[in-house]
Amino acid sequence: MGKRREPRKDIKVPVRIFGTDSTGQIFSEKVFTVNISKQGIELSGLKAKPNIGEVVGVTYGTMKIHFRVKWIRQAETATDNLIGLLNITPEKPLWDFDLPAAQADEYRPATDRRKHPRLRCATSVELHPEGESLIWGKAADLSIGGCFVEMSIPLKQDQKIKIGLWIQEVKLWVDGVVTSSTPGFGIGVKFTEISEEDSKRLQQHLKTLSLGVRSPG
């Protein structure tokens, strides 16, 4: 399992998790926390099985935040699952109790299975779904292979779209397909085609993001 990057608080509180499972079906379940840190949570009692890397929503009281699935394993009951989640927007508060401060340790519960690691960002995007009107949105994370676009009413899974990514003053064009759709949160998009020139520009932007240099988008 490795060493933890930050201390966690062992606490059991009820939350609701919702999203799309590995079969493409939407689920919404009441589960319980096992432990919580500033960056993530471990939940128990989940019956659905979302894919690793999938974006899911978690509500606690009146608050709602989206997380990325980092790992999932079967609990001892053999009917429920344990799941580890990473907070995509850790600057947004979810809990009404204090958490231990982060320390310089190295916890990583499971390897992220994405071919292209995604970096948090706030990149403006234009979405051009086939046969539909233009939609403006904001990419919350980005990689050379795809992105997650925050949307209250998301597009349908498997829908083909053309995407305009605003990188500073330049708009890059990418063809993509919706791979996940979570009502109230947004869509996961896989890039299917991009020109060589725009690919180089995107790679340079991702390098800037990885170095922690702020770049308007």
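Data table
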| item | result |
| --- | --- |
| Every residue from region 72-83 that is modelled with pLDDT under 90 and within 20 Å of Asp141 (Cβ to Cβ) | Ile72 |
| Tabulated pairs, region 173-194, first assigned by TED's automatic domain parsing to the domain that holds Ile65 and farther than 12 Å from Gly19 by Cβ, second in a strand (DSSP E or B) and modelled with pLDDT of 90 or more, C-beta under 6 angstrom, 6+ apart or interchain | none |
| Check on Phe32, closer than 29 Å to Asp158 by Cβ and among the aromatic types (Phe, Trp, Tyr) | no |
| The lone exception for Leu86 - which of (1) surrounded by 14 or more Cβ atoms within 10 Å (Cβ to Cβ); (2) at pLDDT below 80 it fails | (2) |
| Tally, over region 127-162, of residues that are among the aliphatic types (A, V, I, L, M) and under 17 Å from Lys200 (Cβ atoms) | 2 |
| Answer from Ser195, Ser133, Ser180, Ser143 - the residue that is under 28 Å from Asn87 (Cβ atoms), modelled with pLDDT of 85 or more and of a type in the set (S, T, N, Q) | Ser143 |
| Enumeration of residues in region 35-58 that are more than 16 Å from the chain's Cα centre (by Cα), under 11 Å from Leu85 (Cβ atoms) and of a type in the set (A, V, I, L, M) | Ile36, Leu43, Leu46 |
| Enumeration of residues in region 179-192 that are surrounded by 21 or more Cβ atoms within 10 Å (Cβ to Cβ) and not polar (S, T, N, Q) | Phe185, Gly186, Ile187, Gly188, Val189 |
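For (1) under 17 Å from Leu94 (Cβ atoms); (2) without any contact (Cβ under 8 Å) to a residue 24 or more places away in the chain; (3) touching a strand residue (DSSP E or B) at 6+ places or on another chain (Cβ under 7 Å), each residue gets a yes or a no:
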| site | (1), (2), (3) |
| --- | --- |
| Val15 | yes, no, yes |
| Asp21 | no, no, yes |
| Gly24 | no, no, no |
| Val34 | yes, no, yes |
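The values are calculated or read from the model by the stated rules, or taken from the named source; none is laboratory data. Everything numeric here is computed off the predicted structure, so don't read it as measured data. Glycine also receives a Cβ, built like all others from the backbone with ideal geometry; neighbour counts cover every protein chain displayed.
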